[in-house]
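Taking it in order: structure first as structure tokens, then the write-up.
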Amino acid sequence: MIDTMTPPSADQAMPPRAAGSQTPTVLGVIGIIWAAISLLCTLSIFGDAQIQAKVYTTVSAVLGLLLGLWLLLGSINLLRRKRSARSMLVSWSIIKIVVTIALLVWGLAYTDQMTDMVVQQAQAELKADPAMQDGMAEQQDPSAAVSDQGEDVEPRLDGDAGEEDIQPELSDEQIESVIQIVVYGFMGCGAMLTLLWPVILLISLNSIGFKREFETWDSGMFEGHDHV
């Protein structure tokens with residue numbers, strides 16, 4: 001008996017193509033935007049004429065520039081569905097976390113220098129603004145400001161007569177302590193914001209669903225995502 005069955009075509013022999021999610025596209029776009037902002041912030045440091053802690057600032061700027069370009073290239077590959085994107089971005093995330101923590105610890109040594117810089121700027125602004133000096137003098141001696149205006153100080157008729165409203169004046173040490181707390185707060189918030197994106201990438205790229213989807217890239221099994 002002659003077998004009349006026709007062999008299956010090439011299209012029928014191919015396994016069904018997996019439909020990819022749009023999450024890599026979202027992550028790639030956000031990564032490009034994040035890298036662009038990082039590069040702009042890093043380049044603005046080089047344009048600052050008055051750089052404090054030059055060694056720390058230079059090392060931080062160079063590392064920020066390299067990591068920004070690395071993130072930009074990895075995010076572009078993620079948009080193009082390149083299999084190498086996962087290894088690039090995972091490596092970038094780990095190195096970014098390590099560098100951020102190292103720079104944070106190193107930067108704590110310059111808090112005193114940054115505090116002195118802020119105090120010097122405040123003192124310079126106070127000397128350059130006579131109105132601010134008059135306001136400080138009025139706070140220290142309110143009765144002198146009233147007598148200068150030719151007004152009589154009316155006696156108090158209530159039971160608080162003889163008591164004056166005394167406003168506590170902060171010492172230089174207290175002012176520096178407050179400024180140090182503010183500097184620590186800015187450094188901590190900046191570090192948390194910097195670590196946000198690499199942590200998100202590590203969680204997303206190491207999920208089971210993402211690993212399976214990455215295996216289909218660059219293998220002819222990902223429909224409609226060969227190009228951006």
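Each value in this text was obtained by applying a stated rule to the coordinates, not by laboratory testing. Given the structure is predicted, the values throughout are model-derived calculations rather than measurements. FYI the Cβ positions are ideal-geometry reconstructions off the backbone, even for glycines, and counts take in every protein chain you see.
With each label point set 7 Å from Cα along the Cα-Cβ vector, what nm distance links Arg83 and Val55?
Here the modelled spin labels are 4.6 nm apart.
Order 78-91, 22-35, 176-189 from most to least packed using the mean count of other Cβ atoms within 10 Å. Could the numbers behind the result be given before it?
Working: 78-91: 18.4, 22-35: 16.8, 176-189: 13.5.
Highest to lowest by the protection proxy: 78-91, 22-35, 176-189.
Where does each of 204-210, 94-100 land if you order them by average Cβ count within 10 Å, highest first? Intermediate values should be presented prior to the final figure.
Numbers: 204-210: 13.4, 94-100: 16.9.
Ranking the peptides 204-210, 94-100 by packing returns 94-100, 204-210.
Looking only at Cα atoms, what is the convex hull volume of region 49-99 per residue, in Å³? Mind showing how you got there, number by number?
Details: hull volume 3.5 nm³, N = 51.
Hull volume normalised by residue count: 69 Å³.
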